[in-house]
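Got a structure here, written out as structure tokens. Questions coming.
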Amino acid sequence: MTLAAAAPSIGGPAEIWQHIVDDFSNIGSPSALAAFVQVLMIDLVLAGDNAIVVGALAAGLPADQRKKVIAIGVLAALVLRVGFALIVTWLLGIVGLVFAGGLLLLWVAWKMYRELHDHGGQDVHSQGSPEIEGDEHSGLKPAKSFASAAISVAIADVSMSIDNVLGVAGAAREHPGILIVGLIFAVALMGLAANVIAAYIERFRWIAWVGLVVIVYVALKMVYEGWVDPQLGVGTLF
């Protein structure tokens, strides 16, 4: 991720639509095609991490509440990513932003660890996962409240949205329309994958611990990059 790369200027809703039309009408040009492929690859990688994070945080809730939390997470991610994209030039001038986002995500990881640990010795049989054939009556016992899961997902969304937007800003450069479409694609993919991941975490508890490891990895990566970046890292203040 190149935090200090030149960022595109987005503008308002009308300008966003015009950027999308302009960029995709010229998608055959080498620069636009290269930007599209780079943004797509970055978004695919980040969407995978994001899906595991959201799915893991939503797991442990009853099926209906789990779907609502994931829906809230997807909607928040879309709003945050588009919102951050609109001010990405300003964001790229804030020293320590990614570092702070990483610390927020570490707090989410600690909260999830406590929930997993506190409920580790309890009976894990519950209503199960209706989405998975044969697992309608077994699975994780609900280990958290709807509000707690929703807050955790929202905080994680803030951190991951900052990371996602800054990550693709450098790749998009002169193609803000591609930047916006790429972010929307990433959120849609995240929502689909998070539902599947959360459903299977209900059946296999160990997947929740894998999800926790991914959250910690993403958080530590953001903390490290937010410290060492030559222009926006916290290390530049010392």
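I'd like the FRET efficiency for Y113 and F204, computed as 1/(1 + (r/R0)^6) with the beta carbon distance as r and R0 of 22 Å, rounded to 0.05. Kindly include the intermediate steps, with their values, before the conclusion.
Working: r = 18 Å, r/R0 = 0.81.
FRET efficiency, Y113 to F204: 0.80.
Also: Could you calculate the contour length gain from K68 to K221, that is, 0.36 nm times the residue separation minus the distance between their Cα atoms, to one decimal place in nm? Mind showing how you got there, number by number?
Working: separation 153, 0.36 × 153 = 55.08 nm, distance 2.89 nm.
Full-extension gain reported as 52.2 nm.
Which whole-Hz couplings ³J(HN,Hα) result when phi for each residue of the stretch 213-223 is put into the Karplus expression 6.51 cos²θ - 1.76 cosθ + 1.60, θ = phi - 60°, listed in order with x for Gly and Pro?
Karplus-based 3J(HN,Hα) across the stretch 213-223 equals 4, 5, 4, 5, 4, 4, 5, 5, 5, 5, 4 Hz.
Between V37 and V21, what is 0.36 nm times their sequence separation minus the Cα-Cα distance? Round to one decimal in nm.
Numbers: separation 16, 0.36 × 16 = 5.76 nm, distance 1.73 nm.
Length gained between V37 and V21: 4.0 nm.
The numbers here are math on the coordinates, done by the rules we state, and not lab data. A quick note: this is a predicted structure, and the numbers were derived from the prediction, not measured. All Cβ positions, even for glycine, are placed from backbone atoms using ideal geometry, and neighbour counts span all protein chains on display.
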